[in-house]
Structures are given as C-alpha cells and as structure tokens.
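Each value in this text was obtained by applying a stated rule to the coordinates, not by laboratory testing. Here the structure is a predicted model, which means the values were calculated and not measured. Positions of Cβ are generated from backbone atoms using ideal geometry, with glycine treated the same way; all protein chains shown enter the neighbour counts.
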Amino acid sequence: MRAFIALEPPEEFVEDVAALARVLSAAVEGRFVPRQNYHVTLAFLGDVDEAHAHDAMDAMDEACAGAAAVPLCPDGLGKFGRASDATLWLGLTPDPELTNLATRLREALRVRGIPFAEKSFLPHITLARRARILQGLLPELAFPLPCDAAHVTLFKSTLSHDGAQYKPLYEIGLPRSGV
C-alpha cells in the first residue's frame, strides 16, 4: 500500500486554506486539492507492506511520546516544478517544534529500517497540482492565521484519475499547550 505520515491541521485552519485556494483558483489554472486532503507531510513512505505499516505506527508512538501540538504558521506561497506545470503550495514557517517532530519521526523510521523519501523537510500544504501559474499579479490573498496541529496520522493513499483518496490507518493526538 502507498502510505505517508502527516500532521492534520485543525478544521478552522482547513477552512481558511480552502478559502485561500478558492481565491487562487480564479487566477491559477490547475487541479486544486480537495480540502479533506490538506495535510503537512512529515514522512512519505511510498509502497509499504503490512509489517512496515505496523513498524511505522511504532515509530510514530516513539517520535510523538512527550510531544505537544506543533505550530503551523503560514509564510507564503511556493511551487515545485515549472510555472506551466507546477505543484502550488502554502508554505509554513519551519518552527523548531515542527522540524524536531519530523526529525524524530524520520529517525525512528530509519532505526526500524522503514524506507521513506529522504528529501529535506519543507513544511507545506499542497493547494494545486498541474497548476499553470500565469505571469502577472495574484489577487489579494488572506492567509490563514497561525494555529497548532494536534494530530499525527498514518495515511493510506490510493491514486486514481480523479486524484488521491486518503484513508487514516493510525492517529496520535498531541496535547495542546496548557492542557
């Protein structure tokens, strides 16, 4: 199965990201990601078998032990790829708590021999794929307010011609500050 481990943003943040995407969709052509698919990937595992999926759950338990909810602070838009065929994303400030969580998770996966994409951690939420970003000004954009993400989830990802479908397989709640 194709899998990844991600932070799930809280619903109010998701609503604000969806509003931002709606405004962008008037100026950018592309396949916009459905709001239920917004997440911050901590580790992309790719194809894993059942045993590796269970080991990934153990790695999540270890990496999240003692961790609290982590800040998500939007810091602008970015893209992967060419302007004529890009992945458009909302960037997030690489807060030390967020970066440390990703580092601990990746190390726990590595120790267990679970392969994952070794790309540098760049916190973001994908807004659109196959985006065609035209020259010129974007409309005025209202970025989401900072928030804390309190759920780390192992997702199964099923690809189809309509896009990806994500199914949560395992979730860990992170306590919020002062709780």
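Worth pointing out:
- Kirkwood hydrodynamic radius (C-alpha pairs) into Stokes-Einstein, segment 27-179, 4 °C and 1.567 mPa s, D in µm²/s: 77
- Distance in nm between pseudo-label sites at Ala19 and Ala117 (7 Å out along the Cβ direction from Cα): 3.0
- The per residue volume of the convex hull around the alpha-carbon atoms of segment 112-179 is 199 Å³.
- Quotient of the Cα radius of gyration of segment 1-110 and 2.2 N^0.38 Å, N being its number of residues: 1.20.
- A straight Cα-to-Cα reach below 23 Å connects Lys156 with the lysines Lys119, Lys167, residues fewer than 8 places away in its own chain not being considered.
- Residue-normalised convex hull volume from the C-alpha trace of segment 55-97: 100 Å³ per residue.
- Two-site FRET efficiency, Arg35 against Lys156, from Cβ-Cβ distance with R₀ of 25 Å, rounded to 0.05: 0.85
- Chain lengthening between Arg130 and Asp58 when straightened (0.36 nm per residue, less Cα-Cα): 22.4 nm
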